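What follows is a short report on a single structure.
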Amino acid sequence: MPATTFSPPALPARVTIREMGLRDGLQSVATIVPTAAKLQWVRDAYDAGEREIEVGSFVPPKLLPQLADTAEVLAFAQTLPGLRATVLVPNLKGAMRAMEADAEMMLLPLSASHAHSLANLRKAPDDVVAEIANIRAERDASGKRTRIEVGISTAFGCTLQGRVEPAEVVRLVQAVLDEGVDAVSLADTVGYADPAMVSSLFERVLRVAGDKLVAAHFHDTRGLGLANCYAALQLGMTRFDACTAGIGGCPHAPGASGNVATEDLAYMLHSMGIETGLDFDKLLALRAKVAQWLEGEPTHGTIWKTGLPRTMQREALHG
């Protein structure tokens, strides 16, 4: 038999890592980080090469006091040239605040799990879709240029509901696209995904959303975060969410270890020859500061313990 030639999948040449620690990370810990430290976090992340940061969420301070200073953090981030500062908004009121603050993009969560949607937003998924339509209409009527990204949470399963049907994820993606949103992303909110699930669901959603599927959001709850990132990379995804020190999680996923660690993801990408524009030493210096600000809170990740391998130590981790 003639030898067969194996052609590895073509991977993107460059990937953007969106830092989520200031929102997804901090909302899941009890410690309230001072505003001054948050501004330093934004500055240090920017100096490390990060150009997209989710700086907070416009939610009632009584619900998430950790994020009560989002407007101030956003205003500072907007002074940094070339930085895309985004915010999460759960409803129309939050969206109005984001638009008043001229946020470049607002991320609207939409759970594919009916049970999670009721627990998280007190609305069924289709009711959330209707509110997203109202937000888009308000955005257009106001003349604001704030883009709308809908993050499909619990896309791979739910601690409350269990299985989430892929067909339901596709249905909700189509529904919000029909309502005129600018982009969608898929999130493994509680860390149920594996690489095969990621490949299958992203392929199905790409057929519906095309280039409007712009990001992947993975948690490392069961140690598969980076493997799931790789599965999405193979399908051409070039934007990934991550948190410094692997902080974060979901209040409806007890014991979850948090998001994929920014520094681990940056290392994996660089090791595969994929540019991120990030400086590894500066990422680790920021990680140390975050761990200090969150003293007593669990942090995660691996590469900070060992550093770069000797085969890579003479290289700078940036592109």
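Candidates 277, 296, 319, 273: the one that is assigned to a loop (DSSP other than H, G, I, E, B), surrounded by 15 or more Cβ atoms within 10 Å (Cβ to Cβ) and at pLDDT below 95 is 319.
For (1) under 21 Å from residue 21 (Cα atoms); (2) not β-branched (Val, Ile, Thr), each residue gets a yes or a no:
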residue	(1), (2)
66	yes, yes
86	yes, no
99	no, yes
149	yes, yes
164	no, no
172	no, yes
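Within the range 210-218, is there a residue that is touching a helix residue (DSSP H, G or I) at 6+ places or on another chain (Cβ under 6 Å), assigned to a strand (DSSP E or B), within 12 Å of residue 191 (Cβ to Cβ) and modelled with pLDDT of 95 or more? Yes. Residues considered: 43, 51. Of these, the only one that is surrounded by fewer than 24 Cβ atoms within 10 Å (Cβ to Cβ), within 20 Å of residue 182 (Cβ to Cβ), at pLDDT 95 or above and within 20 Å of the chain's Cα centre (by Cα) is 51.
Residue 259 satisfies every condition listed in (1) at pLDDT 95 or above; (2) within 29 Å of residue 119 (Cβ to Cβ) except (1). Exactly one residue out of 67, 118, 88, 80 is closer than 30 Å to residue 167 by Cβ, at pLDDT 95 or above and not hydroxyl-bearing (Ser, Thr, Tyr): that is 88. Restricting attention to the range 62-86, the residues that are within 20 Å of the chain's Cα centre (by Cα) and over 13 Å from residue 27 (Cα atoms) total 10. Across the range 280-292, the qualifying residues are those that are surrounded by fewer than 18 Cβ atoms within 10 Å (Cβ to Cβ) and of a type in the set (D, E, K, R), and the one among them that is farthest from residue 309 (Cα to Cα) is 289.
The values are calculated or read from the model by the stated rules, or taken from the named source; none is laboratory data. None of the values given here were measured: they were computed from a predicted structure. Every residue, glycine among them, receives a Cβ derived from its backbone with ideal geometry; neighbour counts consider all protein chains shown.
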